[in-house]
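Peer 1: My questions all concern the structure below.
The values are calculated or read from the model by the stated rules, or taken from the named source; none is laboratory data. Just so it is clear, the structure is predicted and the values come from calculations on it, not from any experiment. Positions of Cβ are generated from backbone atoms using ideal geometry, with glycine treated the same way; all protein chains shown enter the neighbour counts. Note: accessible area is taken over every heavy atom of the protein model, side chains too, but ligands, DNA and RNA are not part of it. Shrake-Rupley method; radii C 1.70, N 1.55, O 1.52, S 1.80 Å.
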Amino acid sequence: MAEKKFSVLVTRKIPQSGLELLRPSCELEVYPEDRPIPRQELLRKIAKVDGLLCLLSDIIDREVLDAAPRLKVLSNYAVGYNNIDVEYATRKGVVVTNTPGVLTDATADLAWALLLATARRVVEGDRLVRQGKFRGWGPMLLLGHDLKGKTLGIVGAGRIGTAVAERSVGWKMRVLYYSRRPNEFLEKELGARKVPLEELLAEADFVSLHVPLTPETHHLINGAALRKMKPTAILINTARGAVVDEPALVQALKEKRLAGAGLDVYENEPQVHPELLKLDNVVLLPHIGSATVETRDEMARIAARNLLAVLEGRKPEFPVNPQVFPTR
Ligand code: NAP
Ligand code: GLV
Ligand code: GLV
């Protein structure tokens with residue numbers, strides 16, 4: 001058996017498929033509790049490790065990085081990496097990696113699950129049946145909105161945004177998108193049109209958010225943006241909670257300036273704005289965009305391979321800050 005060369009902390013139990021790849025060459029510690037690792041414990045444990053495999057809920061800021069003199073790699077078990085101070089990690093020569101691509105379809109599917117559930121009032125219907133209030137078919141019971149021929153607005157036309165747009169073909173929707181760069185695939189294959197955000201918000205019947213959370217996209221959907229949307233429109237957020245100003249969204253929903261919202265992510269996760277919990281026209285999920293057995297197995301393998309590559313002195317498949325390499 002190979003010598004265990006590297007000391008590695010995994011901040012929460014992930015699928016075995018990833019842990020198995022790490023075990024042969026790593027002295028592995030997996031935080032055993034079924035909850036996020038407390039910050040004090042992370043600060044203490046990170047002092048002794050060469051590699052950290054962490055979750056999107058672990059905040060890796062300057063204090064954490066300064067507590068980690070041996071650290072060479074932060075392997076995030078997610079595609080989004082807004083939880084990590086990448087600039088500071090880069091300055092310290094720590095490689096940051098993520099798990100893009102493998103979770104694109106699972107997350108796009110979940111955006112559609114939210115879109116359909118919100119438009120057709122699926123969760124309200126389920127609640128009504130369970131409460132014993134189904135008194136038979138009703139001509140006016142739980143009327144929702146059609147999808148066919150409507151306009152879908154994709155904010156952030158990257159991997160997931162593109163996959164969400166592709167899925168609209170069956171509903172013969174018109175697709176508008178907002179991104180910094182043009183997306184040729186969307187334009188050629190779906191006849192999608194790149195438009196300014198204001199135009200997308202004003203025209204779309206369904207707005208689906210797929211930008212990463214960055215200083216530029218923080219509160220991209222604020223009160224003013226929400227006022228541009230149609231009162232019949234539905235907002236879907238599977239990106240990051242803070243892309244939306246949550247109190248402004250609550251206000252818009254309460255004042256019926258928006259028909260509904262389907263949310264997988266929240267501004268202060270795991271807290272959910274208490275007013276959202278009271279609204280019938282929202283569908284609320286617990287950040288499960290990539291949560292399929294197949295996707296999580298593969299994410300675990302990718303995160304493990306990324307981590308091992310850096311520790312073994314090779315370039316990982318998915319570096320977030322590849323500029324660290326030439327100087328190492
Ligand atoms: P991606 O391929 O990088 O796509 C993001 C797109 O956003 C890029 O193509 C980029 O296009 C655009 N963008 C970035 N900054 C922008 C800005 N300031 N204004 C307008 N557009 C901007 O990433 P992805 O794999 O699709 O993932 C997107 C995000 O989804 C992740 O960052 C993560 O936060 C979230 N996510 C959530 C879940 C979940 O469980 N709910 C699962 C997976 C991912 P341009 O460069 O052309 O602007
Ligand atoms: C999930 O939210 C991810 O960014 O992978
Ligand atoms: C509904 O069930 C119908 O037959 O129209």
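Peer 1: Lys/Arg Cβ at +1, Asp/Glu Cβ at -1, dipole of the chain taken about the Cα centre: which of Val293, Gly18, Leu128 is farthest positive-ward?
Peer 2: Value: Leu128.
Peer 1: Related question: Please list 20-27, 262-269 highest first by mean number of surrounding beta-carbon atoms within 10 Å per residue. Don't jump to the answer; show the numbers that get you there.
Peer 2: Values: 20-27: 17.5, 262-269: 19.9.
Ranking the peptides 20-27, 262-269 by packing returns 262-269, 20-27.
Peer 1: With the dipole of the chain worked out from charges on the C-beta (+1 for Lys and Arg, -1 for Asp and Glu) around the Cα centre, which of Pro316, Leu201, Leu143 lies farthest toward the positive end?
Peer 2: Leu143
Peer 1: Shifting gears a bit: In debye, nearest 20, what is the charge dipole magnitude of the range 104-284 about its Cα centre with +1 on Lys and Arg Cβ and -1 on Asp and Glu Cβ, if you could check? Please report the intermediate quantities before stating the final value.
Peer 2: Numbers: 25 positive and 22 negative charges, 122 e Å.
Charge dipole of the range 104-284: 580 debye, to the nearest 20.
Peer 1: Now for a different question. How high is the relative contact order of the chain, in percent, counting Cα pairs under 8 Å that sit 6 or more residues apart?
Peer 2: Working: 638 pairs, mean separation 65.2, N = 328.
For the chain, the relative contact order is 20 percent.
Peer 1: In degrees between 0 and 90, to the nearest 10, how far off the longest principal axis of the chain does helix 293-311 point, with axes built from Cα atoms?
Peer 2: That helix lies at roughly 30 degrees to the long axis.
Peer 1: What part of the accessible area of the range 242-326, given as a whole %, is carbon or sulfur when the probe is 1.4 angstrom?
Peer 2: Details: 2090 of 3920 Å².
About 53 percent, which is the carbon plus sulfur part of the accessible surface.
Peer 1: Per residue, how big is the convex hull around the C-alpha atoms of the chain? Give it to me in cubic angstrom, could you?
Peer 2: Details: hull volume 51.6 nm³, N = 328.
In the chain, the Cα hull volume divided by residue count equals 157 Å³.
Peer 1: Report, in whole Å, the centroid distance computed from the Cα atoms of the range 25-70 and the range 170-203.
Peer 2: Taking the Cα centre of the range 170-203 as reference, the centre of the range 25-70 is 41 Å away.
Peer 1: Provide the per residue accessible area, probe 1.4 Å, for the chain, rounded to a whole number of square angstrom.
Peer 2: Details: 16180 Å² over 328 residues.
Using a 1.4 Å probe on heavy atoms only, each residue of the chain averages 49 Å².
Peer 1: Assuming R0 = 41 Å, what is the FRET efficiency of Arg127 and Glu3, from their Cβ-Cβ distance, to the nearest 0.05? Mind showing how you got there, number by number?
Peer 2: Values: r = 57 Å, r/R0 = 1.39.
Between Arg127 and Glu3 the formula returns 0.10.
Peer 1: Which value, in debye to the nearest 20, describes the size of the charge dipole of the chain about its Cα centre when Lys and Arg Cβ atoms bear +1, Asp and Glu Cβ atoms bear -1, and nothing else is charged? Please list the in-between numbers first.
Peer 2: On the way: 46 positive and 41 negative charges, 57 e Å.
Once rounded to the nearest 20, the dipole reads 280 debye.
Peer 1: Starting from the 7 Å offset along Cα-to-Cβ, what nm value, one decimal, do you get for the label separation of Glu33 and Glu269?
Peer 2: 2.0
Peer 1: While we're here: Could you tell me the accessible area of Phe134 in Å² (1.4 Å probe, neighbours in place), rounded to the nearest ten?
Peer 2: Solvent-accessible area, nearest 10 Å²: 120 Å².
Peer 1: Considering only the chain, what is the antiparallel percent among its DSSP beta bridges, to the nearest 5? Present the calculation step by step, with values, prior to reporting the outcome.
Peer 2: Working: 2 of 41 bridges.
Looking only at bridges with both residues in the chain, the antiparallel portion is about 5 percent.
Peer 1: Which value, in debye to the nearest 20, describes the size of the charge dipole of the range 218-295 about its Cα centre when Lys and Arg Cβ atoms bear +1, Asp and Glu Cβ atoms bear -1, and nothing else is charged? Mind dumping the intermediate values first?
Peer 2: Numbers: 8 positive and 9 negative charges, 94 e Å.
Charge dipole of the range 218-295: 460 debye, to the nearest 20.
Peer 1: Counting other Cβ atoms within 10 Å, keep those with at most 12, restrict to DSSP loop, and tell me which trypsin sites (Lys or Arg not before Pro) in the range 123-186 are left. Please report the intermediate quantities before stating the final value.
Peer 2: Numbers: sites: Arg127, Arg130, Lys133, Arg135, Lys148, Lys150, Arg159, Arg167, Lys172, Arg174, Arg180; in loops: Lys133, Arg135, Lys148, Lys150, Arg167, Lys172, Arg180.
The qualifying sites are Lys133, Arg135, Lys148, Lys172, Arg180.
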